Amino acid sequence: MINRKHIKTFSFITAAALMMSVASCSKSNSGTEATSASSEKATVSDKSSSEVLGSDDIEISREISNDEDGAHAIEADGETSEYSNLKVTKTGDSDSGDEADFYGDNSAIFATNGATLTLSDIVVNTDGTHANAVFSYGDGTTVNISNSVITTTGNCSGGLMTTGGGTMNATDLTIHTTGNSSAAIRSDRGGGTVNVDGGSYTTDGKGSPVIYSTADITVSNAVMESTSSQGVVVEGKNSVTLNNVELIADNNTKNSDKSEYYQAVMIYQSMSGDAAEGLATFDMTGGSLTNANGDVFFVNNTATTITLEDVQIVNRDADGVFLRAAAAGWGSSGANGGKVNLYLKDQDLTGDMIVDDISTLNMYLSSGTTYSGAINADNSEGQIYVEIESGSKWVLTEDSYITSLTCDADGIELNGHTLYVNGVEYTQGTTSSGEAIEIISESFGRSGSPDGMPGDPPSGSPDGKPGDPPSGERPEGDPPKGGPDKK
């Protein structure tokens with residue numbers, strides 16, 4: 001039997017053959033429910049934590065469906081609700097990308113206005129354009145979801161969606177999205193806080209990273225894989241933190257003509273208005289990051305701090321580099337490079353780095369890190385500072401060109417190559433003392449139009465970033481049916 005609590009009092013019809021009333025769905029209009037016989041499937045608690053949870057592993061007591069364009073199957077509006085052992089099916093489209101992606105229009109499950117919504121042992125399937133599965137909107141709104149399976153098939157249909165300062169807490173989920181511009185863990189204008197622990201998260205669509213962050217997103221003890229897009233995208237003054245995560249990215253389709261590069265992790269600023277300008281952060285501790293095509297990291301038109309500690313890094317593309325900080329099609333030409341603080345702690349890392357002439361890198365090697373690679377082997381003229389703590393080492397694999405260096409006598413192994421520091425050849429076995437390069441995160445120019453994430457729009461989707469091109473303030477008029485109050 002479904003386990004549900006609500007702060008209001010309602011009347012129930014207990015006959016098993018009759019339709020049951022769900023208080024939190026009272027605003028979903030055309031939503032329908034149907035009870036189903038209890039299954040003998042194993043519950044999540046019976047499964048090994050190493051197994052991927054499937055829909056057949058969840059005991060379903062009831063079904064709720066909604067096929068109305070723009071409406072929800074379940075809505076929690078300023079209230080506290082709990083649902084479990086439930087299957088939710090959502091079809092129908094949204095006629096406004098902004099309303100869907102910023103404010104929750106057409107999402108299967110929607111919480112707003114300070115609601116607290118708790119979901120466990122549920123299955124959510126959506127099939128429609130802009131049909132996000134589970135949506136948390138607004139300051140004070142919290143969605144807690146655990147031991148559940150989410151599948152979305154339409155374009156612009158994320159698994160977990162958080163905007164407007166909402167909070168999303170997720171534990172042991174299986175999420176699979178197949179549409180274009182459909183990140184498994186997704187945020188948009190106004191951001192918020194997302195915490196994910198455990199589970200499996202897979203995306204197959206163009207422009208569909210596993211994580212698209214305009215929020216503060218933390219994922220721990222999970223397996224994540226993208227088969228077409230980047231694994232992670234961070235936009236603007238936002239963050240992604242990965243703890244003991246296995247991330248596999250195969251970015252092999254272009255969602256834009258703004259960049260010629262493929263990458264596993266992209267950190268950028270689109271200038272669309274969806275993410276504040278400022279320092280982006282990407283932190284990864286433990287686990288592994290495997291890149292199947294192109295570069296591991298690409299930074300463009302923003303400043304960022306990247307911290308890697310005891311992470312297994314594998315780049316299967318022999319022609320790809322570990323880090324590329326360079327101009328692309330976002331921002332104003334001449335002011336849209338990448339500015340990077342890179343901290344490597346307890347790392348064994350191999351791969352080249354390229355910093356173009358309008359980009360900056362400060363790289364810090366500590367805690368016994370060994371870095372093998374070349375930096376700007378083609379003398380790309382970017383500003384580069386390298387600091388090597390005692391006990392760490394840089395082993396050159398080609399001639400390299402940097403601007404400033406701090407190291408002790410054992411910090412550099414030339415390995416038969418030449419290191420140039422501000423145009424002067426470095427002599428192995430000597431100490432060096434330099435200064436880091438100041439990185440100003442607000443120094444990026446604006447482009448003439450809001451372009452979003454890489455992309456020519458797939459059919460029925462926006463211009464390559466989750467959501468249609470933003471129009472600035474929310475449109476005047478009544479809010480969408482079942483949606484939050486107008487801002």
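Consider region 107-119. How many of its residues are without any contact (Cβ under 8 Å) to a residue 60 or more places away in the chain and under 19 Å from A184 (Cβ atoms)?
5
Within region 401-412, track down each residue that is over 23 Å from D346 (Cα atoms) and either small (G, A, S) or part of a loop (DSSP other than H, G, I, E, B) (or both).
Looking only at region 401-412, we keep the residues that are over 23 Å from D346 (Cα atoms), and these are 401, 403.
Result: T403, single match.
With G287, G278, G236 as the choices, which residue is at positive phi and buried (at least 24 other Cβ atoms within 10 Å of the Cβ)?
The conditions single out G236.
Do any strands (runs of 3 or more DSSP E) entirely within region 141-240 hold 2 or more residues that are more than 14 Å from the chain's Cα centre (by Cα), and if so, which?
142-152, 166-177, 192-203
May I ask you to list the residues in region 315-360 that are over 15 Å from V299 (Cα atoms), in a strand (DSSP E or B) and either in contact with a helix residue (DSSP H, G or I) (Cβ under 8 Å, 6 or more places away or on another chain) or of a type in the set (S, T, N, Q) (or both)?
N315, T350
Looking only at region 20-42, decide whether some residue is modelled with pLDDT of 50 or more, in a strand (DSSP E or B) and of a type in the set (A, V, I, L, M).
The answer is no, given that none of the residues of region 20-42 is modelled with pLDDT of 50 or more, in a strand (DSSP E or B) and of a type in the set (A, V, I, L, M).
So which of E442, E387, E398 ends up being in a loop (DSSP other than H, G, I, E, B) and either in contact with a Phe, Trp or Tyr (Cβ under 7 Å, 6 or more places away or on another chain) or at pLDDT below 95 (or both)?
So the residue among E442, E387, E398 that is in a loop (DSSP other than H, G, I, E, B) and either in contact with a Phe, Trp or Tyr (Cβ under 7 Å, 6 or more places away or on another chain) or at pLDDT below 95 (or both) is E442.
Identify, from the list A292, A264, A303, the residue that is in contact (Cβ under 8 Å) with a residue 24 or more places away in the chain, closer than 22 Å to Y201 by Cβ and either out of contact with any Asp or Glu (no Cβ under 9 Å at 6 or more places or on another chain) or surrounded by 23 or more Cβ atoms within 10 Å (Cβ to Cβ) (or both).
Unique residue meeting the criteria: A264.
Starting from residues that are assigned to a loop (DSSP other than H, G, I, E, B) and within 21 Å of D310 (Cα to Cα), keep the ones in region 241-279 and report whichever is farthest from the chain's Cα centre (by Cα).
Only one residue fits best here, namely N244.
Write out, first by first residue and then by second, each pair whose Cβ atoms fall under 7 Å of each other, whose residues are 6+ apart or on separate chains, and whose first residue, in region 90-104, is closer than 27 Å to E63 by Cβ and surrounded by fewer than 24 Cβ atoms within 10 Å (Cβ to Cβ) while the second is of a type in the set (D, E, K, R) and at pLDDT 95 or above.
Between residues of region 90-104 that are closer than 27 Å to E63 by Cβ and surrounded by fewer than 24 Cβ atoms within 10 Å (Cβ to Cβ) and residues that are of a type in the set (D, E, K, R) and at pLDDT 95 or above, the close pairs are T91/D67; T91/D127; G92/D67; G92/E68; G92/D69; D93/D69; D95/D69; E99/D105.
Which one is nearest to D274 (Cα to Cα), of the residues in region 72-99 that are assigned to a loop (DSSP other than H, G, I, E, B) and among the small types (G, A, S)?
Once the filter is applied, the top-ranked residue is S96.
Any chance you could count how many residues in region 361-384 are surrounded by fewer than 23 Cβ atoms within 10 Å (Cβ to Cβ) and either touching a Phe, Trp or Tyr at 6+ places or on another chain (Cβ under 6 Å) or part of a loop (DSSP other than H, G, I, E, B) (or both)?
Going through region 361-384 one residue at a time, the tally reaches 11.
The values are calculated or read from the model by the stated rules, or taken from the named source; none is laboratory data. Please read these numbers as outputs of a predicted model, since none were measured by experiment. Here Cβ is always computed from backbone atoms with ideal geometry, including for glycine, and neighbour counts include all displayed protein chains.
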